[in-house]
1. Cross-link candidates for C:K266: which lysines have Cα within less than 23 Å, leaving aside residues fewer than 8 places away along the same chain?
2. Report the local net charge at B:A336: Lys and Arg +1, Asp and Glu -1, summed over other residues whose C-beta lies under 11 Å from its C-beta.
3. With a 1.4 Å probe and all protein chains kept in place, how do D:V232, A:V193 rank by accessible area, largest first?
4. Over chain A, what is the relative contact order in whole percent, taking alpha-carbon pairs under 8 Å and six or more residues apart?
5. Determine the gain in length on full extension of the stretch C:M1-C:S353; use 0.36 nm per residue of separation and subtract their C-alpha separation, reporting nm with one decimal.
6. When DSSP beta bridges are limited to those with both residues in the protein assembly as shown, what percentage is antiparallel, rounded to the nearest 5?
7. Determine the equivalent ellipsoid of the protein assembly as shown by diagonalising the alpha-carbon gyration tensor, then write out the semi-axes as square roots of 5 times the eigenvalues, largest first, rounded to whole Å.
8. For region C:28-75, what class follows from the C-alpha gyration tensor (a ≥ b ≥ c being the square roots of its eigenvalues): rounded when a/c is under 1.5, otherwise prolate if a/b is larger than b/c, else oblate?
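The values are calculated or read from the model by the stated rules, or taken from the named source; none is laboratory data. Quick caveat: nothing in here was measured; it's all calculated off a predicted structure. Every residue, glycine among them, receives a Cβ derived from its backbone with ideal geometry; neighbour counts consider all protein chains shown. What goes into the accessible areas is simple: the full protein's heavy atoms, side chains included, and nothing from ligands, DNA or RNA. Shrake-Rupley method; radii C 1.70, N 1.55, O 1.52, S 1.80 Å.
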There are 4 protein chains.
Amino acid sequence: MIELITAGESHGKGLFGILRGIPCGLKIDTDFVNGMLALRQRGFGRGERMKIEKDRINIVSGIDENGVSTGSPIGFFIDNIDTKLNATKRSFTVPRPGHADFAGSVKYNFKNLAMPSERTSGRLSALDVAAGSIAALFLREFGVKVYFAVECIGKTCAFAKDLSEDTFEKVLSSDILAMGKEAEMKAEIENAVKSEDTIGGRGLAIVRNLPAGLGDYNDWRNRADGLVAQAVMSVGTVKSVSIGESGITSGAIYHDPFEMKNGTLKRLSNNAGGIEGGITNGEDVVVRFFSKPIPTVRRGIPSVDIKNGKNTRSVYVRSDTCVVPAVTLVSAMRIALVFASLLTEKFGGETMSDIRASFNNYINSRRAFWQK
Amino acid sequence: MIELITAGESHGKGLFGILRGIPCGLKIDTDFVNGMLALRQRGFGRGERMKIEKDRINIVSGIDENGVSTGSPIGFFIDNIDTKLNATKRSFTVPRPGHADFAGSVKYNFKNLAMPSERTSGRLSALDVAAGSIAALFLREFGVKVYFAVECIGKTCAFAKDLSEDTFEKVLSSDILAMGKEAEMKAEIENAVKSEDTIGGRGLAIVRNLPAGLGDYNDWRNRADGLVAQAVMSVGTVKSVSIGESGITSGAIYHDPFEMKNGTLKRLSNNAGGIEGGITNGEDVVVRFFSKPIPTVRRGIPSVDIKNGKNTRSVYVRSDTCVVPAVTLVSAMRIALVFASLLTEKFGGETMSDIRASFNNYINSRRAFWQK
Amino acid sequence: MIELITAGESHGKGLFGILRGIPCGLKIDTDFVNGMLALRQRGFGRGERMKIEKDRINIVSGIDENGVSTGSPIGFFIDNIDTKLNATKRSFTVPRPGHADFAGSVKYNFKNLAMPSERTSGRLSALDVAAGSIAALFLREFGVKVYFAVECIGKTCAFAKDLSEDTFEKVLSSDILAMGKEAEMKAEIENAVKSEDTIGGRGLAIVRNLPAGLGDYNDWRNRADGLVAQAVMSVGTVKSVSIGESGITSGAIYHDPFEMKNGTLKRLSNNAGGIEGGITNGEDVVVRFFSKPIPTVRRGIPSVDIKNGKNTRSVYVRSDTCVVPAVTLVSAMRIALVFASLLTEKFGGETMSDIRASFNNYINSRRAFWQK
Amino acid sequence: MIELITAGESHGKGLFGILRGIPCGLKIDTDFVNGMLALRQRGFGRGERMKIEKDRINIVSGIDENGVSTGSPIGFFIDNIDTKLNATKRSFTVPRPGHADFAGSVKYNFKNLAMPSERTSGRLSALDVAAGSIAALFLREFGVKVYFAVECIGKTCAFAKDLSEDTFEKVLSSDILAMGKEAEMKAEIENAVKSEDTIGGRGLAIVRNLPAGLGDYNDWRNRADGLVAQAVMSVGTVKSVSIGESGITSGAIYHDPFEMKNGTLKRLSNNAGGIEGGITNGEDVVVRFFSKPIPTVRRGIPSVDIKNGKNTRSVYVRSDTCVVPAVTLVSAMRIALVFASLLTEKFGGETMSDIRASFNNYINSRRAFWQK
């Protein structure tokens, strides 16, 4: 099992992660991790803070002098430069709708309703990106690739028919990780800024080259689809997750035919989105999600001062206008963590070479299923 | 924590569940449970088996002579009457697209591709319904109600504006748990039967009267939204889950204003679907899900005989045409399990009266948040 | 992970277990399991109930028509014949010292202090023996053997210098699983019967041929020594657990020298008891434990009637005089579960042949550590 | 649940802990924590390193500006000053018997056998002490006290009849936390130093004032005795754990009579060591453990060079002579973590005042069990 445990607050001393279960012998390419951290911060429609912070991973344990994992927990920090806006210094009593201000303060009986935002802030997702990109490095050792793209911002959507590596390479060069229509999407964001509003949208993540057989149907808690849904739905702004197609209602059309062609088994479509019976089937795992517009609307939202019960408007705290690109990356990195974990559970082994041997044995012993 | 552990196969000796964590002192109303089991079997568009099985819960441990829980694991069985179609007696080598036949057999190296269906069959969901309805009984002790309805079958959808108890009472009297347009929905099913197809749709589950404060933002694995998404996405045919609204992209419109009225705090909308920051906020938890059409299409789907690599069509095994009503119930019962578990985690206590005391103390000590 | 989940009460409808994680492809030899169940019941110094019950495992799921595991949860029952003495029928209010009567009733607020004994009864250990013997069958596939013997009853102890397979074979033919001095040990039991007392003692369990490398030092919850200690200390009457030697206090004497002899690495002693740094080191895992005398003393023990606060003596409920042999078997079977679980975690794989491949690859790739 | 997750190596950049589950509203007295850290380092018979390191906790998250917990994970660091002896800089190929050198290197396929010691070093136990002393602060809020003392060093033992608070206060003023016979115990250590040996011994931990009802008998993994045994047996040098008495074999003598005296229920002895049926019974929880002599014997132990198979002696790496006092403290702090966790599980609540209300309600509602 691979698992990320976190500590740290948005405006506290920093963000801290312990990543457990990374097998011994994986070279941790910190440039790759830092590249992903930079990607999270990038973008059109982001607020001031993105200019303040330059996130870099600082690994303090679990690697040797060559940056290779030792099998021990990988401890890492990401510094906070901006610690001035700490909740304790900006106490308020008017809950911002859409934030955890109200629900979290009821839970913990906070008088200062700013408290929950220290742990629910999008800033914390830097930890997911750091850990998830290490998971992605691990998956890459088995030929598995993780792709992602923004498909919609506001009402503007762009879907690619061709989901090739090239397509996703191009996405990386987009300011907003757009699959297309970048200009229109940016215009949506600019309009939101002008109207002192925020804007939501939709993202896509694909995991390619996973072996068939990850996840299990014997317990709902081990199904790959459920684990993916949990990982993505619990990203701060996500309100909807789908795997594969969720519009087609005819069984004859929905289900993906098998065909044997030149000695190799193929699927003629991938409406299942790579998971059948809670288990990966060897096709692309295709996950889509809706990110609500972030709640920190500049013009405020009607709210109530909990201290005295008076109707008022929520206060504005410096924020972004559109986080759909960041949420898309974060979701993809969470999914990388899920599949890296499932892979270690299935193939066991505590060193990369043990896992490779076990992985290769599996592929070879199952080959008759897809090759003749 | 409340947790269901299951054993048993679709055509084996029976279905077996162990439900752990139900506090001591809950009267288990087996009529209620059996009513829910009957509801799962009901319906238009169901296959032969529904007529064969008359599911009833048989509790064998964890209750005293009055049917009151003792705090010990509740063991229960549901008989299988139809054991003739056991996988071992209907071996096949042509995977049915949409089933776990292929992915599961690759995983476990089964030569008989019927094997995975013994555990992935919809029949197993009777265990979820039995356990979930006990969870619903537990929740009811705290005033929490679980509602559900089918909103779409095929292209026919009916949404209720009024989500009152009455509306959901009426749903229960519908053959297909429809929120409305029952005749059109049935026509959709009949058309599917005629065209030897199957048909999918959409369901709704609502949990009402949950206290604010369940779930936690400090670890993604404890967020209520993630747990709900996992529980529902891992229901056999579900491919999409949403909580609250997933269409609105303007922050000014999306987020639900607070208003103090006659001394009581109100939300003017519930686009958040009752969860903010991964924590219940006191509003209705509103969950929607898409159920794919079941894969056992009578006319078959192109497939391949894994034994010899020849292209062919999938075999038809007796099945239903439309399971959207059952999937809706099952999803709602899974959600009941999630919230019953979160409630015991928050309020601790191992007896109903301890939990009630702890629950009441919480409500009273937080009242200043919503009452003036 | 291999895990046993249980339900059922001592005098209820029966005992129910769900054993999760047994890989696909293991032949479950029920004769072996039933032999172990009979061994648990055997013996000198046991009470009436042992003559009433003839425990046999009844597997209801997770195996195919040849008794081979399918990878799905193995559900099983063991019938209770004696259900007359159910707690609800023998209510009392005077706690028996040494039983869970008092602590358990405080916890669950039971007015009938007999309630906790339904789950804490030694009878429940039949489930551990059934599951543990399946784990032992699994371990046997990798050449791992689980041995056990009673070393002391009362003040009479017999330790074998020679811990060969032969020694443990002979133990099996002893009525009380004695390592030696059977007659004196039986005399101790007879004396206890005569004086209306009960008698405790000590047991030994050995797991032989485990590969080096099971368990992990990176988290205390994954250390093999801690897991063994938990599994054994939580057997009903056990109050002390040791691994290897716990008397020697000189480091120069305690630690087990390595020696290379004829190209093979050897340890010259095994004071570590097969575990160093929480990890198996390839030597015998040697576990010893003390079983307190069971608390149901015929002549009663001073106690108090909780109903009215009057001083009195505890009531006698039919029971055994000496359970050390049964506790020894149960502890050994729990330890089998622990190592079977660690083995599946390390070598992954969900089929026996996958695990064998992964296991063999490991042994071969590590051979240079112990062979030249 | 309260849980400590750790990262960091003995000679790496530092030690890092994330303590999850501490409720909101606990004042973290860092002086108390630092006092305990100093106690761990203290002592006669400790090596050079104790003079180099001055451990202090550095909390970086989960507390507010007043040092009060916020309910979020408490992240903390303890610096390593000595990083020169890092495993990567002192590579060796001769395993030291008693260390994880061999077993750990087989597991992870390390060529440098120094690698496992970076995580198995006693230094890591500073994290347990830091987290455990926060747990002890939490327990203190409910009147629960954690005491500890060394009972034996080598063959010299001192047991106190009087286990009053005073006795344990005096223990704190002993260089070696001795219960008595301090001079003789120190002489044992001096002799070990002279003979280039190391020396083991025995420790005692007591948890006083725990309410009856913690832990559960329904699942072996939830029993308080098993959890304590796991926590203590997995301390680096511990090889034996007992709870209460483990020598008495007569049931009539072993079990602790109840007596009602002046309207209050009393036990006339505490051979059970505070736990019956896996549940606390309201008496002192009494845990004893044997710490083997540490393996780093100055004169070396026969071993083998794994590189070339030649017989040789193990290398000496700077170390302590006697760690029994430190192990005693560490074990007690682990036990504090176990009971703090069980208390939060039983009484739920995420704030100190919620837990207090729930705790008080429990005590009041159960009073009839022990008061008339």
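1. C:K145, C:K161, C:K372, D:K107, D:K111, D:K239, D:K292, D:K307, D:K310
2. Net local charge, B:A336 excluded: +2.
3. Largest to smallest exposure gives the sequence A:V193, D:V232.
4. Once divided by the residue count of chain A, the mean separation gives 22 percent.
5. Details: separation 352, 0.36 × 352 = 126.72 nm, distance 1.69 nm.
This chain segment gains 125.0 nm when fully extended.
6. Working: 206 of 214 bridges.
Of all bridge pairs located within the protein assembly as shown, approximately 95 percent are antiparallel.
7. Gyration-tensor ellipsoid for the protein assembly as shown: 48, 37, 35 Å.
8. prolate
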